[in-house]
Structure formats: structure tokens, C-alpha cells
1. To the nearest 0.05, how large is the calculated FRET efficiency for residue 4 and residue 125 if R₀ is 30 Å and r is the Cβ-Cβ distance?
2. Please identify the helices of the chain, taking whole runs of DSSP H, that span at least 30 Å along their own axis as judged from the Cα atoms and have a mean Kyte-Doolittle score of 1.0 or higher.
3. Mind checking Rg over Rh on the chain, alpha carbons, Kirkwood formula for Rh?
4. Determine which aspartates and glutamates satisfy two conditions relative to residue 57: a Cα distance under 16 Å, and not lying fewer than 8 residues away in the same chain.
5. What is the sum of charges, Lys and Arg at +1 and Asp and Glu at -1, for the other residues whose Cβ falls under 15 Å from the Cβ of residue 41?
6. Using Cα pairs closer than 8 Å and at least 6 residues apart in sequence, work out the relative contact order for the chain, in percent.
Amino acid sequence: MLKLTGEFGERVNTRLTNEGVAWLVTVDAAGMPQPSPIWFFWENETLTVYSQPNTPKITNITNHPQVAVHLDSDGRGGNIVTLTGTAEIVANAQPANENSAYVAKYAAGISSLGLTPESFAKRYSTAIRITPTKLRGH
């Protein structure tokens, strides 16, 4: 488990709660890193991501669950947050439209895709749980 203590830990927790987009890095069968932008929800020291099924990131996680998650810097190389840990596909997970905090966080984005929370949940029906074990940054 991560220890988000001190000024840096508090800043990381705030960013994980409020940031809209992060980069999930998985590894493909050839061992190449594969970054993907994601929407995520931070709760109970884990990240929840909803994905379309049958995407490369789902295959990559199934075959190699070690991942990295990066938040954007401040544009000048500061405020760096990089998490590493494991990801798992969650069978029978709560659908995105039933996760009220997730829907509230991404309501505008869901709407901009021309979707409702219900149609978003049908399209992005595969839940991924990321459990960070290491944190680095400044």
C-alpha cells in the first residue's frame, strides 16, 4: 500500500482525486511499453478504469499485470507523479453508470462523446483495478 503522507503525499492524493486524465502504461507481448490515456477514479488506494473490452490494454494487463500510471507535469517538468503497481480485470464489477462519483467526475466528457452514463457503461464495460505499490515524483 502507498503511504500518501507529508506535503508530497497530500498533493498526490489531491491530484489523483481531481485530475481528469492519466497515462496508463502497459506492456505488450513483445515487451514494448504501450501508453494509453485513461479516465480514472481514485478510491480506497486504488484506481478504477473503465475500458472497452478487447482492447490492447486489456490483453496486455491479462498477460502482464505490472503497469505504470503517470499524471501530467506542470508543463515545466515539475509536479511529477508516477505510480507503479499491478492491474487486474475485475469480473462482475460495478458498471460505470452505477459509480455515481465516477459519473459526476466525467459527466461532461461522457456527454461530449454523445453518450449517456448508461450507454457509456455498455461501451466501456470492462473494469480495471490498479493497485499502486510504489510512488515517485516531486
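Since every read-out is calculated from the coordinates, none of them should be taken as a lab result. Since the model is a prediction, treat every value here as computed from it, not as a measurement. Methodologically, a virtual Cβ is constructed for each residue, glycine included, from the backbone with ideal geometry; neighbour enumeration extends over all protein chains shown.
1. Using R0 = 30 Å, I get an efficiency of 0.50.
2. Span-like helices, by this rule, are absent here.
3. 0.96
4. Reachable aspartates and glutamates: 28, 88.
5. -1
6. Once divided by the residue count of the chain, the mean separation gives 29 percent.
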